[in-house]
Structures are given as structure tokens and as C-alpha cells.
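The values are calculated or read from the model by the stated rules, or taken from the named source; none is laboratory data. Small disclaimer: the values here were computed from a predicted structure and weren't measured. A quick note on method: Cβ atoms are made from the backbone with ideal geometry, for glycine too, and the neighbour counts reach across all protein chains shown. Just the protein is used for accessible areas: all its heavy atoms, side chains included, with ligands, DNA and RNA removed. Shrake-Rupley method; radii C 1.70, N 1.55, O 1.52, S 1.80 Å.
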Amino acid sequence: MNTARPSRLKPKHQRLVLALIALAVLIAAGLLAAYALRSQASYFYLPEQMRDDPPEIGQAVRLGGMVEEGSLHTMADGVTVAFTVTGREASAIPVRFTGILPDLFVEGSGVVAEGRLEPDGVFVADNLLAKHDENYVPRELEGMSEHQAAEMAEETTVGLQ
């Protein structure tokens, strides 16, 4: 007579097996997320860093620096602009952007260009972020005295409370 029972794990061992399976799934999900984000990461380069150690062609990066005076040119299509971004050293990276320029974008100002480096050495920007200096005044406050600007700020904060 064969009265063999099927082998069953004790509840303590079942919990251990489930915990190990859950841990393996979490590790796999973390590795998959890290791999996916690696290709989406946008590294920041200064012009001298891009010159000395350029990113891979087509890799999404950010280029930050100053728009060189006299380098801003509008192409024949009217929406594409070409300019040069310079850094602290004498390095300069040519940039091409198609789209609407930010209001604060002018020669001699700071800029962060998001895009990719092309094989010909031109940085093609998908997005431009213009930086302003410490003397920036919003259009709404231009021409107002300090007292008038403070009153306007007070009126806007009262409505938020």
C-alpha cells in the first residue's frame, strides 16, 4: 500500500520562496528601468567639454554657454537660426535651431540648448532655454516704480490666500 503524500512546503518555506521571487522581480524591474533611462538621460556639456570629449553622434545632450556676439543668423526659411555657443575658453560650438526663439534669447546672453551633435560638428537643438541676468524685469513690471511693483505683487499674493 502506497500512502505517499504529495510533498508540500511548510508555510515558513513558502513565505521564503515568495519573498525570493518578489525580490528577483524587483531587481529585474530596476535593471530594466535603469537600462531604459540610460538612453533617455540628457547630459550637460559646456562648449570646451564638447570640444574635448564629444558625446556620441545622435545622443541627446544639453549644451550650455553664451551666445557669441555677431554669430546669430536667420536662414532663408525664416524659422531656422544658426549661432555659436561659447564657453570660458576660446571654444565655440555651432548650433542650429528651427522654431520660435525664447523672448530672452539675444546675442551675449546665456543659453541651454537641448539636442544632438551631428557628424559635421553642428549641434542641432530641439529646444532652447534662454537665461536672464540678475537685472531681469518682467514686461508687466517694466516702467513701474519700485513702490508700484510692490503694490502689484501684494495684490497678486492677496488673491492667492
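Points to keep in mind about this one:
- When residues of the range 51-62 are limited to those that are outside any loop (DSSP other than H, G, I, E, B) and more than 16 Å from the chain's Cα centre (by Cα), the one surrounded by the most Cβ atoms within 10 Å (Cβ to Cβ): 51
- Filter result for residue 118 (closer than 30 Å to residue 36 by Cβ and at pLDDT 85 or above): yes
- Subset of the range 63-74 that is open to solvent by less than 80 Å² (accessible area, probe 1.4 Å) and in a loop (DSSP other than H, G, I, E, B) - its residue that is farthest from residue 129 (Cα to Cα): 70
- Hits in the range 75-121 - residues which are touching a residue at least 60 places away in the same chain (Cβ under 8 Å), within 20 Å of the chain's Cα centre (by Cα) and surrounded by fewer than 15 Cβ atoms within 10 Å (Cβ to Cβ): 118
- Filtered residue count, the range 82-117, keeping only those that are within 11 Å of residue 66 (Cα to Cα) and in a strand (DSSP E or B): 10
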